[in-house]
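Novice: Structure incoming, see below.
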Amino acid sequence: MNATSSKGTRVIGYSALAFTVLALFFGLVVSGPEVNMRESVRLMYVHVPTILGAYACYAVTLVGSIIYLRNRSEFWDLLAASAAEIGTLYLGFGLITGALWGRPTWGTYWEWDPRLTSTAVMFIMYLGYLAIRRMELPRDVRSQRAAVLGVVNIINVIVVHYSVQLWRGLHQGSTFGLDPQIRDMQYFSWFMGTVALGLIAAWLLIHRFRLAWLERQLEDQWLEEALAERRSEAI
Amino acid sequence: MLRDAWLMAVKDLRIEMATRVVTGQILPFGVLVLILFGFAIGPDLAVVVGPERRSMLAQAAPGLFWITVLLAALLALGRAFAVESADGNLDALMMAGLDPAGIFLGKLVAVAVQLLLLELVLGLGAFVLYSTPLAEPAMLAAVVLLATAAITAAGTVYAAVGSGLRVRDTLVPLLVLPVLSPVLLAAGLATDAAVFGTSDNGWLWTSVLGVFALVYVAVGMLAFGPIMEES
């Protein structure tokens, strides 16, 4: 393999493109404004799928980390790392689109409500995970530590989520005060958005994983060449 | 395991008594941060809380205290692992057959003792500098003990992840502080209740802190071994 694209990724890529166009069409043109949120509901068609995509990627990271800790599989290690990158990208987009939605809806870009706050902390936790992936350590030591962190992060995310929930739950009632009434066409647009962003995530993940795989092979090749050179000097 | 923990803790505390880094450098740093908060917020700002008028510094004192403690804890944890990395001590201890959970507990106890000493002095400093009252000393004592356990447990795990790295000083804070944000939250709220005696939720948040302490110590004991493995 000397490139990261293949027939499979081309299929996924073109479908992602097609669904994105469809989602844009349905989201911006066909579906109407919502009762309370009016036009800003259109951001929901992007915001919710990005958050779901991020959670799905982090689930892959968790599974990959667990499997790596059990049998040291390079495949699952690199998959966990790639999924964390894509997940963090999506979570970042989720936070930004959420803030953009919040401005016209709540009048402010930020609210200290449980979900927002714990999502922001989760984002930083995974930035930490990505920082670990770049540590200057022997490869297997680094993968080992990152895998442990991949598992521990999820525990921490749960702890943060419940404590922030308790905090804001005690202090005030529902932050939203809005009751989103998503009707048929809007629900369909949201669904389109989810499919489109899901396909994009899969496409990004496969490419990123293959890139990481090729990088690792290059490292190994470099090492073998260096060893061969050294051996030939000894003769 | 407990014998190994005791050995580690005593060793670390002996090193501290000989070098006096925590008492001589980290403690003054903590007091300095308390003073800097005074500069940042200023003594003239006041808030009205119920029937009384309080200075902003006094009102914010619980939160400011815990932030100062967190910053000092980062330094103390960095120091705790810096003493090991110079000669590859942790690898040597693992190879010598010490139980990783025991090493973790020993480090935890040593850093916790140092942190408790810091908190005692910083707490006195906060009372003096910010003129805070003290409504429920027993609750405050419980909060301080449990929060220290939680901070030290989580901090030791992540300091171990970053040990031996050149980027340790920038990586470990990034890893530890998000994890400790719930502890900051719970400790701040519980301390608020203990100091001002206003909220009914003081013991609720203290028990939440207890749960954190348990979870972080348990996770730390399980995760420390895999983190320190070198193969």
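Novice: When you go through (1) within 10 Å of another protein chain (Cβ to nearest Cβ); (2) free of Cβ contacts under 8 Å to residues at least 40 places away in the same chain one by one for residue A:95, which number turns out not to apply?
Specialist: (1)
Novice: Would you check if residue A:148 is within 25 Å of residue B:169 (Cβ to Cβ), within 8 Å of another protein chain (Cβ to nearest Cβ) and either in contact with a Ser or Thr (Cβ under 6 Å, 6 or more places away or on another chain) or without any contact (Cβ under 8 Å) to a residue 24 or more places away in the chain (or both)?
Specialist: Working: within 25 Å of residue B:169 (Cβ to Cβ): yes; within 8 Å of another protein chain (Cβ to nearest Cβ): yes; either in contact with a Ser or Thr (Cβ under 6 Å, 6 or more places away or on another chain) or without any contact (Cβ under 8 Å) to a residue 24 or more places away in the chain (or both): no.
When the stated conditions are applied, residue A:148 does not pass them.
Novice: Condition first: out of contact with any Gly (no Cβ under 7 Å at 6 or more places or on another chain), open to solvent by less than 60 Å² (accessible area, probe 1.4 Å) and among the aromatic types (Phe, Trp, Tyr). Can you find one or more residues in the stretch A:11-18 that meet it? Steps first, please.
Specialist: First, pick out the residues of the stretch A:11-18 that are out of contact with any Gly (no Cβ under 7 Å at 6 or more places or on another chain): A:11-18.
Right, trim to open to solvent by less than 60 Å² (accessible area, probe 1.4 Å) and you get A:12-13, A:15-16, A:18.
Narrowing further to those that are among the aromatic types (Phe, Trp, Tyr): none.
Looking for residues that are out of contact with any Gly (no Cβ under 7 Å at 6 or more places or on another chain), open to solvent by less than 60 Å² (accessible area, probe 1.4 Å) and among the aromatic types (Phe, Trp, Tyr), one finds none in the stretch A:11-18, hence no.
Novice: So, in the stretch A:128-144, how many residues would count as being at the interface with chain B (Cβ under 7 Å from one of its Cβ atoms), modelled with pLDDT of 90 or more and open to solvent by 10 Å² or more (accessible area, probe 1.4 Å)?
Specialist: Of the residues in that region, 1 qualify.
Novice: Give the residue, chosen from B:133, B:226, that is in contact with a helix residue (DSSP H, G or I) (Cβ under 9 Å, 6 or more places away or on another chain), more than 9 Å from chain A (Cβ to nearest Cβ) and not small (Gly, Ala, Ser).
Specialist: From the options B:133, B:226, the qualifying one is B:133.
Novice: In the stretch B:182-192, which residue that is open to solvent by less than 10 Å² (accessible area, probe 1.4 Å) and facing chain A (nearest Cβ under 10 Å) is farthest from residue A:120 (Cα to Cα)?
Specialist: For the stretch B:182-192, the residue satisfying everything is B:186.
Novice: Right, something else. Take the conditions more than 20 Å from the chain's Cα centre (by Cα) and either among the hydroxyl-bearing types (Ser, Thr, Tyr) or on the phi > 0 side of the Ramachandran plot (or both) and apply them to residue B:50. Does it pass? I'd like the intermediate steps shown before the answer.
Specialist: Numbers: more than 20 Å from the chain's Cα centre (by Cα): yes; either among the hydroxyl-bearing types (Ser, Thr, Tyr) or on the phi > 0 side of the Ramachandran plot (or both): yes.
So residue B:50 fits the description; yes.
Novice: Residues of the stretch A:114-126 being facing chain B (nearest Cβ under 7 Å) and touching a residue at least 24 places away in the same chain (Cβ under 8 Å), which ones? Can you show your working first?
Specialist: Our first condition is that a residue be facing chain B (nearest Cβ under 7 Å); within the stretch A:114-126, this holds for A:121, A:124-125.
Within the stretch A:114-126, A:121, A:125 meet the criteria.
Novice: How about the stretch A:152-162: which of its residues are surrounded by 18 or more Cβ atoms within 10 Å (Cβ to Cβ) and at the interface with another protein chain (Cβ under 8 Å from one of its Cβ atoms)?
Specialist: Passing the criteria: A:152, A:156, A:159, A:160.
Novice: Go through the stretch B:210-223 and report how many residues are more than 9 Å from chain A (Cβ to nearest Cβ) and touching a Pro at 6+ places or on another chain (Cβ under 9 Å).
Specialist: Residues meeting the conditions: 1.
Novice: Among the residues of the stretch B:35-57, write down those that are surrounded by fewer than 18 Cβ atoms within 10 Å (Cβ to Cβ) and hydrophobic (A, V, I, L, M, F, W, C).
Specialist: Step one: filter the stretch B:35-57 for residues surrounded by fewer than 18 Cβ atoms within 10 Å (Cβ to Cβ), giving B:35-36, B:38-53, B:56.
Within the stretch B:35-57, B:35, B:36, B:39, B:40, B:41, B:45, B:46, B:47, B:48, B:49, B:56 meet the criteria.
Novice: Here are some residues: B:179, B:195. Which one is within 12 Å of another protein chain (Cβ to nearest Cβ) and buried (at least 24 other Cβ atoms within 10 Å of the Cβ)? Steps first, please.
Specialist: Values: B:195 fails: within 12 Å of another protein chain (Cβ to nearest Cβ).
After applying the criteria, what remains is B:179.
Novice: Here's a follow-up. Have a look at B:217, B:211 and point out the one that is aliphatic (A, V, I, L, M), free of Cβ contacts under 8 Å to residues at least 24 places away in the same chain and open to solvent by 30 Å² or more (accessible area, probe 1.4 Å).
Specialist: Details: B:217 fails: free of Cβ contacts under 8 Å to residues at least 24 places away in the same chain.
Checking each option against the conditions leaves just B:211.
Novice: If I ask for residues that are of a type outside the set (Val, Ile, Thr), under 17 Å from the mean Cα position of the chain (by Cα) and within 17 Å of residue B:59 (Cα to Cα), which ones from the stretch B:172-231 would you list?
Specialist: B:184, B:185, B:186, B:187, B:188, B:189, B:190
Novice: Which residue is modelled with the highest pLDDT, if the candidates are limited to the stretch B:198-208 and must be open to solvent by 40 Å² or more (accessible area, probe 1.4 Å) and within 12 Å of chain A (Cβ to nearest Cβ)?
Specialist: B:207
Novice: Among the listed residues B:13, B:32, B:70, B:74, identify the single one that is of a type in the set (A, V, I, L, M) and surrounded by fewer than 16 Cβ atoms within 10 Å (Cβ to Cβ).
Specialist: Numbers: B:13 fails: surrounded by fewer than 16 Cβ atoms within 10 Å (Cβ to Cβ); B:70 fails: surrounded by fewer than 16 Cβ atoms within 10 Å (Cβ to Cβ); B:74 fails: surrounded by fewer than 16 Cβ atoms within 10 Å (Cβ to Cβ).
Going through B:13, B:32, B:70, B:74 in turn, the sole match is B:32.
Novice: Let me ask something else about it. Collect the residues in the stretch A:33-75 that are of a type in the set (Phe, Trp, Tyr) and over 22 Å from residue A:127 (Cβ atoms), keeping them in residue-number order. Working first, answer last.
Specialist: Residues of the stretch A:33-75 that are of a type in the set (Phe, Trp, Tyr), as a first pass: A:45, A:55, A:58, A:68, A:75.
Those that are of a type in the set (Phe, Trp, Tyr) and over 22 Å from residue A:127 (Cβ atoms): A:45, A:75.
Novice: Determine whether the stretch A:59-79 contains at least one residue that is at pLDDT below 90, in a helix (DSSP H, G or I), open to solvent by less than 20 Å² (accessible area, probe 1.4 Å) and not hydroxyl-bearing (Ser, Thr, Tyr).
Specialist: The answer is no; no qualifying residue exists.
Novice: A further question follows. For the stretch B:1-96, which helices (runs of 4 or more DSSP H) that fit wholly inside it have 2 or more residues that are under 22 Å from residue B:174 (Cα atoms)? Step through it out loud before you land on a result.
Specialist: Numbers: elements: B:2-19, B:27-41, B:56-85, B:89-95.
Helices (runs of 4 or more DSSP H) meeting the threshold: B:27-41, B:56-85.
Novice: Can you tell me which of (1) crowded, with 17+ Cβ neighbours inside 10 Å; (2) among the aromatic types (Phe, Trp, Tyr); (3) away from every other protein chain (no Cβ under 14 Å) is the one residue A:25 doesn't meet?
Specialist: Just one mismatch for residue A:25, condition (1).
The values are calculated or read from the model by the stated rules, or taken from the named source; none is laboratory data. Predicted model only: the values in this text are computed from it and were never measured. Neighbour counts are summed over all protein chains in view; Cβ atoms, including those assigned to glycine, are modelled from backbone coordinates with ideal geometry. For accessibility, only protein heavy atoms count, side chains too; no ligands or nucleic acids. Shrake-Rupley method; radii C 1.70, N 1.55, O 1.52, S 1.80 Å.
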